[in-house]
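What follows draws every value from the coordinates through simple rules; no lab data is involved. It should be emphasised that the depicted structure is a prediction, and the values quoted were computed from it without experimental measurement. Note: ideal-geometry Cβ built from the backbone for every residue, glycine included; neighbour counts use all protein chains shown.
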Amino acid sequence: MTMIAAPGPAMRRPAPPERWLRGYGRMAAWDIASLRLYLPVLSCVLILQGAGFVYGMGLLFADMPQSAAVFVSTGAPVMNLITVGLIFEPQLVAQQRMQGSYEFLQALPVPRSAAALAWYTVALATALPPVVLTLLAGLARYHLHLAITPMVIPAVLLTCLTGVLMGLAVAHGVTQPMAANLISVTLIFVMTGFSPVNFPAGQLPGWLASVNQWLPFGSMATITRSALVPGFADGVPRAYAVVAAWAAASALVVAWAQGRRG
């Protein structure tokens, strides 16, 4: 009689959750290793971006009103959270396309959701120190006193996640590297100059304020600001819904783009 041995540890195929976690860990390690020279520089750039914006806006006013100081000091950290995913990721993928490594990375036997979450983890870890330092710069510059609530955790996590997913949607959905770079840069200009991130929506023309009710950037600032200065922002539940809807829509675009490629 021929006996068939039971599969041992070396023969056992990893269960789906184990495979997903293993893929997540490996892709996070890959992202950190491949970008080890860029991530510290990117963090420094974000610190200069945030702190420079906070201090630079103060130079425009001999005595900045307290409400304006709150908007600037809580809006600049939001820009830090979004920039890594919305600007750096499309540029990174565009570079991979031009170097010919994009197809190799997409063909790796790793669940794509695990790869996306790994990049989100790296982006969040890169953005958090600049966020904290930018916020401290605003507090020191304008002598503010914030009452930070536990809601800052979901606000920061959701804001960064949505920025990362939007960046991934642009990076994978737009196959031309130059076009992807132009779109990401245009979005950052829209966020900075035409969205109520660093100023109240009432200062915008009526039509533009109405458009921004459906765009994510002002809502990202609203949910973050409400967690840092309770009672200062209005329409917080709606803002959470808008940001979550953009995150979900961006995730669908990423899934469609990667599925189309496969």
Checklist entry - Residue check: is Asn181 on the phi < 0 side of the Ramachandran plot, part of a loop (DSSP other than H, G, I, E, B) and buried (at least 19 other Cβ atoms within 10 Å of the Cβ)? => result no
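Being in a helix (DSSP H, G or I), of a type in the set (A, V, I, L, M, F, W, C) and over 15 Å from Ala118 (Cβ atoms) is the filter here, so list the residues in the range 146-170 that pass it. Break it down into steps so the answer makes sense when it comes.
Step one: list which residues in the range 146-170 are in a helix (DSSP H, G or I), which gives 152-170.
Narrowing further to those that are of a type in the set (A, V, I, L, M, F, W, C): 152-153, 155-158, 160-161, 164-166, 168-170.
Answer for the range 146-170, where residues must be in a helix (DSSP H, G or I), of a type in the set (A, V, I, L, M, F, W, C) and over 15 Å from Ala118 (Cβ atoms): Val152, Ile153, Ala155, Val156, Leu157, Leu158, Met166, Ala169, Val170.
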Item to check | Checklist (1) assigned to a helix (DSSP H, G or I); (2) surrounded by fewer than 22 Cβ atoms within 10 Å (Cβ to Cβ) applied to Pro130, failing item | outcome: (2)
Checklist outcome for this item: Only one of Val211, Val197 is over 15 Å from the mean Cα position of the chain (by Cα) and of a type in the set (Val, Ile, Thr), namely Val211
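Condition test on Thr74, is it touching a residue at least 40 places away in the same chain (Cβ under 8 Å), in contact with a Lys or Arg (Cβ under 6 Å, 6 or more places away or on another chain) and either of a type in the set (Ser, Thr, Tyr) or crowded, with 20+ Cβ neighbours inside 10 Å (or both)?
Taking the combined requirement at face value, the residue satisfies it.
Results for (1) crowded, with 20+ Cβ neighbours inside 10 Å; (2) not in a loop (DSSP other than H, G, I, E, B); (3) not hydrophobic (A, V, I, L, M, F, W, C), shown as yes or no for each residue.
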{"residue": "Phe217", "(1), (2), (3)": "yes, yes, no"}
{"residue": "Ala221", "(1), (2), (3)": "yes, yes, no"}
{"residue": "Arg225", "(1), (2), (3)": "yes, yes, yes"}
{"residue": "Ala233", "(1), (2), (3)": "yes, no, no"}
{"residue": "Trp246", "(1), (2), (3)": "yes, yes, no"}
{"residue": "Ala249", "(1), (2), (3)": "no, yes, no"}
{"residue": "Ala255", "(1), (2), (3)": "no, yes, no"}
{"residue": "Gln258", "(1), (2), (3)": "no, yes, yes"}
Next on the checklist: Pairs please, first residue from the range 44-67 and in contact (Cβ under 8 Å) with a residue 60 or more places away in the chain and of a type outside the set (A, V, I, L, M), second anywhere and part of a loop (DSSP other than H, G, I, E, B) and surrounded by 12 or more Cβ atoms within 10 Å (Cβ to Cβ), Cβ atoms under 7 Å, 6+ apart in sequence or on different chains.
Outcome noted: Gly58/Met64
Checklist entry - Filter the range 204-215 for residues that are in contact with a Ser or Thr (Cβ under 9 Å, 6 or more places away or on another chain) and in a loop (DSSP other than H, G, I, E, B); which is surrounded by the fewest Cβ atoms within 10 Å (Cβ to Cβ)? => result Gln213
Checklist outcome for this item: Pairing a residue in the range 227-243 that is in contact (Cβ under 8 Å) with a residue 24 or more places away in the chain and under 12 Å from Val152 (Cα atoms) with any residue that is crowded, with 21+ Cβ neighbours inside 10 Å and of a type in the set (A, V, I, L, M), where Cβ atoms lie under 7 Å and the two sit 6 or more apart in sequence or on different chains, gives Ala227/Ala155
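Where residues in the range 184-203 are among the aliphatic types (A, V, I, L, M) and assigned to a helix (DSSP H, G or I), which of them is farthest from Thr83 (Cα to Cα)?
At the first step, the residues of the range 184-203 found to be among the aliphatic types (A, V, I, L, M) are 185, 187-188, 190-191, 197, 201.
With assigned to a helix (DSSP H, G or I) added as a condition, the list becomes 185, 187-188, 190-191, 201.
On the way: Val185: 10, Leu187: 10, Ile188: 8, Val190: 12, Met191: 10, Ala201: 21 Å.
So the residue we want is Ala201.
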Checklist entry - Under the condition of being in contact with a helix residue (DSSP H, G or I) (Cβ under 9 Å, 6 or more places away or on another chain), more than 18 Å from Leu86 (Cα to Cα) and hydrophobic (A, V, I, L, M, F, W, C), which residue from the range 36-69 is surrounded by the most Cβ atoms within 10 Å (Cβ to Cβ)? => result Val54
Checklist entry - Take the residues of the range 83-100 that are out of contact with any Ser or Thr (no Cβ under 7 Å at 6 or more places or on another chain) and β-branched (Val, Ile, Thr): which is nearest to Val156 (Cα to Cα)? => result Thr83
Checklist outcome for this item: Within the range 98-127, the count of residues that are polar (S, T, N, Q), out of contact with any helix residue (DSSP H, G or I) (no Cβ under 6 Å at 6 or more places or on another chain) and in a helix (DSSP H, G or I) comes to 3
